[in-house]
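The values are calculated or read from the model by the stated rules, or taken from the named source; none is laboratory data. Keep in mind that this is a model prediction, so the values were computed, not measured. Here the Cβ positions follow ideal geometry from the backbone for every residue, glycine too, while neighbour counts run over all protein chains shown.
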């Protein structure tokens, strides 16, 4: 057999439809589309988005269907793509994703600018309702427990560099600020322009060096805050907080806040948001217990949770001295002591381990493998919009995993692919047979009904 050689291909003027490449289909996305179709997702989302578009009889180019827009954002999570450009390219390049989006091989898929325009057009309430729609779908599948939740937070890198920050009082950037300090200390004269190396050397040795959000802000993304990441780097960031149902691993609330908001300040607000999401999703469950790490421990927070009827399981940080109650109310003391007693019991220790496992796993899925650790959007509203859809996609993955054994497309790769495919095929055959039997039963029932005029014939 001779070696093949790359040839220059002549451009084709016309291509028959029968000659176009066809997708073999992707079992995961096919099951996801079936799930969305069963819930009448497209009809629902089009009704929710219609008020934010012009009437159909108005001049102008027709936008993409809202169902397609949200499906493309779901693809971003399932494929681990963090940017809208990457999502648009992936959807246009993959035949199976074209089928998932209902685009023919010869049709052009939406580009990244269309995704941006659509995101800006839709208000945050639509994204909230999309998240609640998935929760309602999970409740219909009997997956939500909702009584006990775990709460934790993580940091998301903002789309802004530390080099962009400016002094709030003078408007100086970092270089201008350090040069001014050098001149004030007499290290250089007024006419001398120091080199970058001299500036770095001086800045490294100066005392009381502090980069505070009270003094510095980013003009690129004013809502991002300076914070220290887990790897030790200082970066502009946001804070993402999850409220996770410890029974089902579903995210009940995903809140985005500036990174300088302390955990103890936001615990009750996040739990109340989760309860409101359940109410909007028509889930008849009341959150009764919340587990968190010691960063959430605060006497005021515990007192507020106790007043709301929420039992807390929060470990108490070690104090250098014994706590005194000279100026504290009896209600506050009772809340602290009751939380301490609960944490000493076996249930408190068990919930602590469960919270650590399941909430951290939700961050791993949404932020790390789901592409949300670094945000390419700017502003609290836009970051929240995108993050809510990623959290909703995570919940859809949990639903699919519970129903079909697969929660992500990558689960169909590698050594587990064969077993997973066999399970999917078995589930499909079982569902098909059940639907056929249902139709047959209906047909027999209709045949058993006597013809109304049979006696007159």
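For the reader, a short list of remarks on this structure follows.
- Residues (assigned to a loop (DSSP other than H, G, I, E, B) and surrounded by 10 or more Cβ atoms within 10 Å (Cβ to Cβ)) located in segment 185-199: 185, 187, 188, 192, 194
- Scan segment 140-173 for residues that are assigned to a strand (DSSP E or B) and either under 24 Å from residue 381 (Cα atoms) or not assigned by TED's automatic domain parsing to the domain that holds residue 292 (or both) and the total you get is 10.
- Checking 119, 142 one by one, the residue that is under 24 Å from the mean Cα position of the chain (by Cα) and on the phi > 0 side of the Ramachandran plot is 142 and no other.
- Every residue from segment 200-244 that is over 30 Å from residue 138 (Cα atoms) and assigned to a strand (DSSP E or B): 216, 217, 225, 226, 227, 228, 234, 235, 236, 237
- Positions within segment 364-389 being in contact with a strand residue (DSSP E or B) (Cβ under 8 Å, 6 or more places away or on another chain), assigned to a helix (DSSP H, G or I) and buried (at least 19 other Cβ atoms within 10 Å of the Cβ), in sequence order: 366, 367, 383, 384, 387, 388
- Close pairs from segment 195-218: first in the same structural domain as residue 170 (by TED's automatic domain parsing) and within 15 Å of residue 236 (Cβ to Cβ), partner surrounded by fewer than 10 Cβ atoms within 10 Å (Cβ to Cβ) and modelled with pLDDT of 80 or more, Cβ under 9 Å, at least 6 apart: 215/169
- Selected residue (only one of 301, 285, 273, 266 is surrounded by 15 or more Cβ atoms within 10 Å (Cβ to Cβ) and assigned to a loop (DSSP other than H, G, I, E, B)): 285
- Residue count, segment 245-258 (criterion: farther than 19 Å from residue 142 by Cβ and surrounded by 24 or more Cβ atoms within 10 Å (Cβ to Cβ)): 2
- Members of segment 69-87 that are over 18 Å from residue 409 (Cβ atoms) and either in contact with a strand residue (DSSP E or B) (Cβ under 6 Å, 6 or more places away or on another chain) or surrounded by 19 or more Cβ atoms within 10 Å (Cβ to Cβ) (or both): 69, 84
- Residue 240 over 30 Å from residue 306 (Cα atoms), touching a strand residue (DSSP E or B) at 6+ places or on another chain (Cβ under 9 Å), surrounded by 20 or more Cβ atoms within 10 Å (Cβ to Cβ) and in contact (Cβ under 8 Å) with a residue 12 or more places away in the chain: no
- Flag if residue 110 is over 22 Å from residue 365 (Cβ atoms) and at pLDDT 95 or above: no
- Filter result for residue 158 (touching a residue at least 60 places away in the same chain (Cβ under 8 Å), touching a strand residue (DSSP E or B) at 6+ places or on another chain (Cβ under 6 Å) and closer than 30 Å to residue 396 by Cβ): yes
- Every pair of residues 6+ apart whose Cβ atoms lie under 7 Å, when the first sits in segment 321-341 and is part of a helix (DSSP H, G or I) while the second is modelled with pLDDT under 85: 333/325
- Extreme residue, farthest from residue 25 (Cα to Cα), among residues of segment 92-119 that are part of a helix (DSSP H, G or I) and touching a residue at least 60 places away in the same chain (Cβ under 8 Å): 119
- Qualifying residue in segment 373-396 (condition: at pLDDT below 95 and within 19 Å of residue 134 (Cα to Cα)): no
- Residue 279 being in contact (Cβ under 8 Å) with a residue 12 or more places away in the chain and surrounded by 12 or more Cβ atoms within 10 Å (Cβ to Cβ): no
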